[in-house]
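Reading through the structure tokens given below for one structure.
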Amino acid sequence: MPRLLVVHHSPTPTVRRLTDAVLAGTRDDEIEGVDVVVRAALDAHADDVLAADGVLLGTTANFGYMSGALKHFFDTIFLEAGGALADDGSAAGDASGPAGKKPWGLFVHGRYDTTGAVRSVETIVGALPWRQAAPVLEVLGDPTDEQLAAAYELGGTLAALLT
Ligand SMILES: Cc1cc2nc3c(=O)[nH]c(=O)nc-3n(C[C@H](O)[C@H](O)[C@H](O)COP(=O)(O)O)c2cc1C
């Protein structure tokens, strides 16, 4: 059965609401035959990624970057997941292009500005053999009903791609 891995950092009730909406979307009644594996970012391992057919990431914005928890996830899995490092230690390579690559999605929650957090994730996943499957969902402050619906849609989109 195809597997969708959801790796998230959801430290507050507000973010948890967003994550729950994403997860509800992955389990929409119309989507059958997809195994959804959910991991807190600090508990996710390379084996989880290697066993997954798609990856859905969620993080808070912290200090203009992704959360330390999601960064820890990437620090842990990057090389085993097929990433390469440049001589200066930055994420290297151009992993763009659709063929044979794991679809990925991302939602980011912040209070002020999520630009740097989104960029930080994009820089790293751009060097993995993954392909972006949906626009990044960025939410500031308390999620509106529309944003929760968009979160549900994001989850549903990633899961449906694997059917
Ligand atoms: C140390 C720290 C740094 C933060 N940096 C950012 C940031 O760069 N951009 C942003 O939009 N929000 C930032 N925030 C807000 C968090 O993203 C926000 O608190 C988190 O998503 C949880 O949302 P909530 O506080 O509404 O529950 C920061 C929060 C903390 C505690």
| message | Take Leu4 and tell me if it is within 17 Å of Thr114 (Cβ to Cβ), away from the ligand (no atom under 16 Å from the Cβ) and in contact with a Ser or Thr (Cβ under 9 Å, 6 or more places away or on another chain). | response | no
| request: Take the range 102-137 and flag every residue that is of a type outside the set (Lys, Arg) and near the ligand (Cβ under 9 Å from one of its atoms). | output: Val108, His109, Gly110, Tyr112, Asp113, Thr114, Thr115, Gly116, Ala117
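Matching residues to (1) over 17 Å from Thr163 (Cβ atoms); (2) under 14 Å from the mean Cα position of the chain (by Cα); (3) in contact (Cβ under 8 Å) with a residue 12 or more places away in the chain:
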site: Pro2; (1), (2), (3): no, no, yes
site: Thr19; (1), (2), (3): yes, yes, yes
site: Asp28; (1), (2), (3): no, no, yes
site: Asp35; (1), (2), (3): no, no, yes
site: Ala40; (1), (2), (3): yes, yes, yes
site: Asp43; (1), (2), (3): yes, no, no
| Are there any pairs with C-beta distances below 6 angstrom linking a residue in the range 46-65 that is closer than 16 Å to Val15 by Cβ and within 16 Å of the ligand (Cβ to nearest atom) to a residue that is part of a loop (DSSP other than H, G, I, E, B) and at pLDDT below 95, with the two at least 6 apart or on different chains, and if so which? | none
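The values are calculated or read from the model by the stated rules, or taken from the named source; none is laboratory data. Computed from a predicted structure; not experimentally measured. Heads up, the Cβs are rebuilt from the backbone with ideal geometry, glycines too, and the neighbour counts pull from every protein chain shown.
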